[in-house]
Every structure is written in structure tokens, then in C-alpha cells.
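Only one structure is covered here, and it is reproduced in the block below.
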Amino acid sequence: MKRHLLFFALVAPALVGAAPLQCNIGPITKECGSVPWLLYSCDDGKSLVVVSAPGSPAAPFYFFFSPEGRGYHLRGEGTGLKSLTDAALKDLQVLSNAEIASLVGQTIAAHNGATEH
């Protein structure tokens with residue numbers, strides 16, 4: 001999992017064309033396309049990374065929601081099982097801006113809860 005976090009700290013800037021983002025807030029686990037995924041938010045308080053869970057047949061794969069205009073741009077990359085990543089993509093594409101913001105909030109809450117113990 002640390003490998004994924006390092007990847008997002010280094011690659012996320014290239015994806016959004018901005019200053020480096022740290023995308024290590026969270027995770028929370030959500031099911032997308034019938035398999036679990038780990039969700040992390042970034043230190044910009046808006047971006048969201050969806051990473052295939054360790055051991056998942058969807059691994060390795062990630063999706064990245066980046067703010068764009070009044071909404072979000074969704075990108076994905078990896079070599080996980082295409083039928084599972086396609087199913088996850090379908091689930092993610094229908095998320096509203098408010099739902100994405102809520103997921104970011106959930107990752108922050110999970111991260112803060114984990115750091116308080």
C-alpha cells in the first residue's frame with residue numbers, strides 16, 4: 001500500500017498539471033464494480049484516488065478524480081482484470097460532484113480517526 005501512496009505523491013502532479021499533491025489521506029474502502037477499492041484524498045481537499053485493493057483481481061489499477069472547472073475529470077490506469085475495472089469505471093462515472101466531495105470528507109474523517117488513536 002505504501003508503494004501506491006508514493007506513486008500518487010509523484011504521479012498526481014503530472015495528472016493534474018499542478019504542484020505536487022500528497023494523496024495519502026484515508027483510506028476508506030468502497031465497493032465499485034463488485035470488488036473492494038481503497039479511496040484516498042489529496043492534500044488539496046478535492047482530489048480523490050481510487051486504488052484497487054491488495055490481492056484484488058482488479059489490481060493493479062487506479063482511478064483519479066481531479067477538479068476541473070465546476071466538476072471533476074476522471075482518469076484511470078493499470079493492468080487489472082478489464083471486466084472488473086470497466087465495471088468500477090461505470091460505478092465511478094455516475095458519481096455527482098456532491099458524492100465525490102462526500103467521499104473526500106469520509107477519507108478525511110477516517111484519516112483523522114486513525115491518527116487520534
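D43 exposes around 90 Å² of accessible area when a 1.4 Å probe is run over every protein chain in place. Each of A19 and A98 was given a label point 7 Å from its Cα along the Cα-to-Cβ line. The distance between the two points is 3.1 nm. Can you list which of the GluC sites (Glu not before Pro) found in the range 25-117 are DSSP loop residues with at most 13 other C-beta atoms within 10 Å? Those satisfying the criteria are E116. If R0 is 25 Å, the Cβ-Cβ spacing of N112 and D44 corresponds to a FRET efficiency of close to 0.90.
The values are calculated or read from the model by the stated rules, or taken from the named source; none is laboratory data. Since the structure is predicted, the reported quantities are computational estimates derived from the model, not experimental observations. Glycine gets a Cβ as well: all are built from the backbone with ideal geometry, and neighbour counts include every protein chain shown. When the accessible area is computed, the model is the full protein with side chains, heavy atoms only, and any ligands, DNA or RNA have been set aside. Shrake-Rupley method; radii C 1.70, N 1.55, O 1.52, S 1.80 Å.
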